[in-house]
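What follows is a single structure, written as structure tokens, with notes after it.
The values are calculated or read from the model by the stated rules, or taken from the named source; none is laboratory data. All values reported here derive from a predicted model rather than from experimental measurement. Using ideal geometry, Cβ is built from the backbone for each residue, glycine included, and neighbour counts are taken over all protein chains shown. Heavy atoms of the whole protein, side chains included, go into the accessibility calculation; ligands, DNA and RNA do not. Shrake-Rupley method; radii C 1.70, N 1.55, O 1.52, S 1.80 Å.
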Amino acid sequence: MKYRIKSYLILLTLMVLPIMTAYAQSEQSEEKGGVHLKEILFGHVQDSYQWHVTDFNGKPVIIHLPMIFYSQTSGFHVMCSSQFEHEPNSELLREGPDGFYIQGAEDEKGRIVEKVGSELQPVCFDISITKQVCVLFIDAILLLICILIPARWCKTHKVDDPAPKGFTGMMHMFIMSTYNDLIKSTLGEKADKYAPYLLTCFFFIFTANLMGVMPFPPGGGNITGNIAVTAFLALCTFLLTNVTGNGHYWREIFWPEVPTWLKCPVPLMPIIELFGVFIKPIVLMVRLFANMLAGHAIAISLSCMIFIMFALGGWMGNLLGGVITPVSVLMSIFMMFLELLVCYIQAMVFTLLSAIYINMSHSHAE
């Protein structure tokens, strides 16, 4: 047990050390006009009203997105993010038309505010197509294509026909593997009822994770690293678990089979069980969010360490840059392969835990 704890501590140190080192060194390089690690990191994981692809010949290559919002003073507005200044002013406001501004830097979503008199008031309703919303649409379209192609084959073929080949055969194998190994083995006879939701969760999360690893459009948006997305997925599992739960499930929460003094007059066990009902979706939400965010942060920090060392200047900076370059490249490649594995593991874990929670809500008295 002691060796296992030591192994976990060493692994945690190796994961956190690149981020801490890169962050500390970036503070020095920023003073010399070098790499801004915070801007690169948060620019990759944060949402924004525009899609910054790369810089070419010193000019940013940007995909501008539509902005739709409602102002309490002037009603609905539909405009493009290109109508706002790319660089913020000294007050971190990006000026736009009709007295509207975006608070924050160019790679931050910020807030849309309106200048009313001498004051800035936030708009009360914002449904803009941001970077992560756009990536969400792309992921949904890819998921539909990947599922509808094998579904069409099943519709036009009989059960005793030869197995499909190519992409359709691969998707059939993938879907049946997920269904048999995760859903059927956990839910048993109830698998067919909940398989559509659980399969949707698995393939959506897996697709979103893979697209988040891709550093260029149509990927590049780490939506599973956005806690709002993971919170919605966890909320769906929470509602499905508790709305379809049977009477025995609720009886075990409010009147569990424990000694009476643990239930009355002080309802100690019911309070603990009720907390467990809400802790389960929180675990689902935080687990997926933290793992995907941490993986991207480590990979970006390892890559940035090369530029940070060279940005320090002098013979020491060149020496450190030359030493860290091969190490950083090899570690970045290793992290990218590890991220591909994590993409599958996190989708599998979310689906498996959701299936376990659903199965627990349909348990019967022994």
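Worth pointing out:
- Rounded to the nearest Hz, the phi-derived 3J(HN,Hα) couplings of segment 348-360 under the Karplus curve 6.51 cos²θ - 1.76 cosθ + 1.60 (θ = phi - 60°) are 5, 5, 4, 5, 5, 5, 4, 5, 5, 5, 5, 5, 5, where x marks glycine and proline.
- The packing ranking, built from the mean of other Cβ atoms within 10 Å per residue, places the peptides 114-122, 343-351 in the order 343-351, 114-122, highest first.
- The alpha carbon gyration tensor of segment 159-204 gives principal lengths a ≥ b ≥ c with a/c of 1.5 or higher and a/b greater than b/c, which makes the shape prolate.
- Pairwise label distance in nanometres, Asn57 with Arg287, each label 7 Å out on the Cα-Cβ vector: 5.1
- Each residue of segment 141-150 was assigned a 3J(HN,Hα) from its phi angle through the Karplus expression (A = 6.51, B = -1.76, C = 1.60, θ = phi - 60°), giving 5, 4, 5, 4, 4, 5, 8, 6, 5, x Hz with x at Gly and Pro.
- Net lengthening on full extension, Glu119/Leu340 (0.36 nm per residue, minus Cα-Cα): 74.8 nm
- Distances between placed amide hydrogens fall under 5 Å for Ser128 paired with Ile68, all partners being 5 or more residues away or on another chain.
- Average Cα contact separation per residue, segment 209-366, under 8 Å, 6 or more apart, as relative contact order %: 32
- Relative contact order computed over segment 193-261 (Cα-Cα under 8 Å; 6+ residues apart), in percent: 16
- A cut-off under 10 angstrom between Cβ atoms defines the neighbours of Val123, and their net charge, with Lys, Arg +1 and Asp, Glu -1, is -1.
- Residues whose placed amide H lies under 5 Å from that of Val116, excluding near-sequence neighbours: Gln121
- Positive-end ranking of Leu120, Ala151, Gln72 along the dipole of segment 70-162, with charges on Cβ about the Cα centre, is headed by Ala151.
- Ordered from highest to lowest accessible area with the whole protein assembly present and a 1.4 Å probe, Val133, Val159, Val323 read as Val159, Val323, Val133.
- Charge dipole (Cα centre; +1 on Lys/Arg Cβ, -1 on Asp/Glu Cβ; no other charges) of segment 130-284 amounts to roughly 260 debye.
- Stretched out straight at 0.36 nm per residue, the stretch from Val243 to Cys264 would grow longer than its current Cα-Cα span by 4.9 nm.
- 3J(HN,Hα) along segment 113-130, derived from phi through the Karplus expression 6.51 cos²θ - 1.76 cosθ + 1.60 where θ = phi - 60°, amounts to 10, 10, 8, 10, x, 10, 10, 9, 10, x, 5, 8, 8, 10, 10, 5, 7, 7 Hz, with x in place of Gly and Pro.
- FRET efficiency, 1/(1 + (r/R0)^6) with R0 41 Å, evaluated for Ala294 and Glu91 via beta carbons: 0.80
- Compared with the alpha-carbon gap, the fully stretched path from Arg152 to Met348 is longer by 68.0 nm at 0.36 nm per residue.
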